[in-house]
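The structure appears right after this line, and notes come after that.
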Amino acid sequence: MFRLDHQHAFLTGASGGIGLAVTQAFLQAGACCTAVDRGAQASSELLTLQQEFPTQLRYVSCNVTDSAQIDHAIGEAHAHFGAIHVLFNNAAIFDMAPLLQSDEAMYERIFSVNVKGAFFVMQKVLAQMTHLGIRGSVINMASQAGRRGESLVSHYCASKAAIISYTQSAALAMAKHHIRVNAISPGVIDTPMWESVDALFAKHEHLQLGEKKKQVGLAVPLGHMGSPQDICGAAIFLACDAASYITAQTLNVDGGNVMS
């Protein structure tokens, strides 16, 4: 039930962190994967995966804020592996500032990638699925930040709340096409991005470097930060037939931080 054989997965933000871990997990579960990120070339980690899965993995460069590039990436994916069955909609950026200092430029950067980019990747993949009659699965990446506000992280929190809302709306719209749309809401996950996140908290909360990361890990009910690999089981579950009666849901994978 938890295999993805004969499935084609399209994954954004796939060069590192959660996106890379889920790409590897999907490959190991038998899927062919189109890994998408904004770099002109695949990351060294993706290149290593390509050596292990030479016929299952292909990299396509795409800036998800550019509609034409999204169209190109989906077209390249379809030309190489055929119809897309699974979308792992993961590309996102993070920034933070006190509310009264959060300027328009920061707002535009975050919403352009996290909301506009995510929505139009989803819309365009869903358009292909419905056109081809694919009973596919979309997995949007939300965050525990989308479940609540944070005084220093207003734009990011709002962007991830939008993902939860879009997931619900898209699921209702796609139900008649037998396409499932769900989201995963990670908690604090120890990815390379956390170095910059920790540095931003140190700046705004006057902390020592590393202190915020330690604090948030200890505050998790399970007692530690998660790893990118902790997201993989949920992603495979939502992608495969084991979750065939699940849609419009946002699954918390956060060590108990959010209860719903």
**Prompt:** Which is farthest toward the positive dipole end of the chain among Ser102, Ser112, Gly210, measuring Cα position about the Cα centre, with Cβ charges +1 (Lys, Arg) and -1 (Asp, Glu)?
**Reply:** Ser112
**Message:** Which residues does the label zone of Val258 cover in region 164-205, counting backbone N under 13 Å from a point 7 Å along Cα→Cβ?
**Reply:** 164-168, 183-189
**Complete:** Going from the fewest other Cβ atoms within 10 Å to the most, one would list Val64, Val220, Val22 as Val220, Val64, Val22
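Report, to one decimal in Å, the Kirkwood hydrodynamic radius for region 27-164 based on all distinct Cα pairs. Mind dumping the intermediate values first?
Values: mean 1/r = 0.0617 Å⁻¹.
For region 27-164, inverting the mean 1/r across all distinct Cα pairs yields 16.2 Å.
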**Request:** Let me know the Rg and Dmax you get for the chain when you use only its Cα atoms, in Å.
**Result:** 17.7, 54
**Message:** Tell me the Rg and the Dmax, in Å, that the Cα atoms of region 88-193 produce.
**Reply:** 14.8, 48
**Complete:** Most exposed first, judged by fewest Cβ atoms within 10 angstrom, Leu4, Leu172 run Leu172, Leu4
**Chain lengthening between Tyr245 and Arg3 when straightened (0.36 nm per residue, less Cα-Cα)** = 85.5 nm
**Prompt:** Expressed as a rounded percentage, what relative contact order does region 127-260 have, with Cα pairs under 8 Å and six or more residues apart?
**Reply:** 31 percent
**Request:** Answer with one residue from Val36, Ala219, His80: the one whose Cα lies farthest towards the positive end of the charge dipole of the chain, charges on Cβ with Lys, Arg +1 and Asp, Glu -1.
**Result:** His80
**Gap separating the Cα centres of region 151-206 and region 109-136, nearest whole Å** = 16 Å
**Message:** Restricting to DSSP H runs of at least four residues, report the calculated mean residue ellipticity at 222 nm for the chain, -39500 (n - 2.57) per run over all residues, nearest 500 deg cm²/dmol.
**Reply:** -13000 deg cm²/dmol
**Asked** Among the trypsin sites (Lys or Arg not before Pro) within region 141-194, which fall in a DSSP loop and have no more than 15 other Cβ atoms within 10 Å of their own Cβ?
**Response** Arg148
**Asked** Can you name the helices of the chain, as whole DSSP H runs, whose Cα span along the helix axis is 20 Å or more and whose Kyte-Doolittle mean is not below -0.5?
**Response** 67-81, 118-132, 154-174
**Message:** For a quick check: with amide H placed at 1.01 Å from N, whose amide H comes under 5 Å from Leu222's, ignoring anything fewer than 5 positions away on the same chain?
**Reply:** none
**Request:** Give a residue-ordered list of calculated ³J(HN,Hα) values for region 138-151 (Karplus: 6.51 cos²θ - 1.76 cosθ + 1.60, θ = phi - 60°; whole Hz; x for Gly, Pro).
**Result:** 10, 10, 8, 9, 9, 5, 4, 5, x, 8, 7, x, 9, 4
**Prompt:** Given H placed 1.01 Å from N in the peptide plane, which residues other than close sequence neighbours of Cys33 have an amide H under 5 Å from its amide H?
**Reply:** Ala9, Leu57, Arg58
**Asked** Can you work out the FRET efficiency for the pair Ala127 and Ser227, with r the C-beta to C-beta distance and R0 = 25 Å, to the nearest 0.05?
**Response** 0.15
**Item:** region 1-86: mean projected area of Cα convex hull, nm²
**Value:** 5.2 nm²
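Sorted from fewest to most neighbouring beta carbons within 10 Å, what does the list Ser185, Ser67, Ser260, Ser102 look like? Present the calculation step by step, with values, prior to reporting the outcome.
Details: Ser185 26, Ser67 14, Ser260 8, Ser102 17.
In order of increasing Cβ crowding within 10 Å: Ser260, Ser67, Ser102, Ser185.
Quick note: the coordinates plus some simple rules give every number you see, no bench work behind them. Model, not experiment: these values are computed from the prediction. Please note: Cβ atoms are built from the backbone with ideal geometry, for glycine as well, and neighbour counts cover all protein chains shown.
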